[in-house]
Amino acid sequence: MQNEDDSNTLNYIQKQFLCNTPVKEICWQNFSNLTVTVQDEIINNTIRLDSVLKYPLNLSYQKTFLKHLLQLLEKQGSAISDALYEEYARLVALPNNNINFKHYWLEKGKNIILKEDVHLICDGTTGLRTWQAAIALSEWVLANTTHFTAKTVVELGSGTGLVGLVISLLCKPQAVYLSDCHPSVLATLCDNLKLNVGCENGKNCDLLQRFIVKECVNSCEVHVLNLPWEDVCREFCQTLGQVDVVVAADVVYDKTIFEPLISAVECLFKYCSVKQFILSCTERNEDTLDKFLSLIGSKFKICDIVVPPQRNFIWTEQPPVKIFNITKDT
Ligand SMILES: C[S@@+](CC[C@H](N)C(=O)[O-])C[C@H]1O[C@@H](n2cnc3c(N)ncnc32)[C@H](O)[C@@H]1O
C-alpha cells in the first residue's frame, strides 16, 4: 500500500476484523480512496489470510464484514474488486458453525488464536468466549510483563485462557496454571493451550486428579487444571507448592460464587504463599461489585490499578472494566 495513512488504516481494520469487532464500528472512511487495489489488500489481509483460512472466524461475521464493504462501495458508486465477490460467494456456500476462532494480533509480533463460541452463554457456561475484563487485563499484563517474570502464576476461572496464555507466552514466568471447572471450558482451554504453545512433549498429567494437560513454552510449564474454587483446600495447595501471583478476569458476576471464590483465594494466600491477586471485573452492576469488594475487603487490602489504554487489544469500554490489586494487609 503506497500511502502510509492507508497502510495504518489497513492494519487497524485487520486487527479489528481478526478479533471480531462489530462491523459497524469499523472506520472504512479513513481510507483516502477505496480503490480496487485497496479492496484487494483488505481481502488479502483479512478473509484470505492463511491463518484465517486455517482457523476461521465466525462465518456470519465474515459475511457481514464483506457485505458491509460491498454496500459502502455500491453507495459510493466505486468499482468493486472481483476478489470481494469471489470471497462473498465462497463464504455463502460454507455451512454455519458455532465454533470459530478469534485472532489477537499483538504488538510484539506474537499472535494468540483462541477457539471460542459465538454465544454469551453456551452449554450452561459463560466460559466459552473471551470477556472484556480478560482482554483489558491482558493489555495490563503486556504493559507489565516483568511483573510475572520468573513467577508462578495461577489463573482462576480462565475460560478460553487469554490472560494465562498472554502471561505464558510473553512474560517469561516460571510456571502457569490455567484453571476452570466446567468440562466444555476445560476442553476448550486444553485446545487453546495446544493451539498456542503446543509442542511434541505436551503431556497428559494426573496429580490429585486435577491436572489435565501440561505443555512447555520456552522453559515455562503451562498446565490446565480442573479447579472448582470449592475444592481449593490445604491439601491441594500443599501439592501445588509455592505460587506468587493469582489472576482472574470476569469471575465476579454471581453472588452465590463469592464465598467459594474468596475462600479459594484465602487458601492460596495461606498455603501457597501467594503475595498478590490481580482481579479484573466488568462493572455491569455496581451493587454486585460493591458487595464483592466489601466481602473481600474485610480480609484483604484492595487497591485500584489503572486500566491501560488500548494498544494491543480492542474492547468495549462500557460497561467499564476495573482492575484491582489485592494483597494481604501486613
Ligand atoms: C464470565 S467467565 C470468564 C472467563 C474468562 N476469565 C474471561 O474473562 O474471558 C467465568 C468463568 O469462571 C468459571 N467459574 C465459575 N464458577 C466457578 C467455580 N466455582 N470454580 C471454578 N471456576 C468457575 C466459569 O466456568 C467461567 O469459565
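The values are calculated or read from the model by the stated rules, or taken from the named source; none is laboratory data. No experiment lies behind these values; they were computed from the predicted model shown. Reconstructed Cβ throughout: ideal geometry from the backbone, glycine too, with neighbour counts over all protein chains shown. Calculation scope for accessible area: heavy atoms of the full protein, side chains included, ligands and nucleic acids excluded. Shrake-Rupley method; radii C 1.70, N 1.55, O 1.52, S 1.80 Å.
Summary table below
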read-out: Lone qualifier among ILE296, ILE278, ILE262, ILE257 - being more than 15 Å from the ligand (Cβ to nearest atom), under 27 Å from GLN238 (Cα atoms) and assigned by TED's automatic domain parsing to the domain that holds PRO319; value: ILE296
read-out: Selection from the stretch 122-140 of residues that are near the ligand (Cβ under 9 Å from one of its atoms) and either part of a loop (DSSP other than H, G, I, E, B) or within 12 Å of the chain's Cα centre (by Cα) (or both); value: THR126, GLY127, LEU128, ARG129, THR130, TRP131, GLN132, ALA133, ALA134, ILE135, LEU137
read-out: Top-ranked residue of the stretch 209-231 - restricted to ones that are acidic (Asp, Glu) and at pLDDT below 90, ranked as surrounded by the fewest Cβ atoms within 10 Å (Cβ to Cβ); value: GLU221
read-out: Matching entry among ALA143, ALA89 (being surrounded by fewer than 20 Cβ atoms within 10 Å (Cβ to Cβ), more than 16 Å from the ligand (Cβ to nearest atom) and over 28 Å from ASN8 (Cβ atoms)); value: ALA89
read-out: Out of LEU289, LEU268, LEU227, sole residue that is over 18 Å from LYS322 (Cα atoms), more than 10 Å from the ligand (Cβ to nearest atom) and either touching a Ser or Thr at 6+ places or on another chain (Cβ under 6 Å) or in the same structural domain as THR188 (by TED's automatic domain parsing) (or both); value: LEU268
read-out: Selection count, the stretch 146-157, where residues are open to solvent by 10 Å² or more (accessible area, probe 1.4 Å) and either of a type in the set (S, T, N, Q) or in a helix (DSSP H, G or I) (or both); value: 4
read-out: Residues satisfying the stated conditions in the stretch 71-104, i.e. under 15 Å from PHE31 (Cβ atoms), assigned to a helix (DSSP H, G or I) and at pLDDT 95 or above; value: LEU84
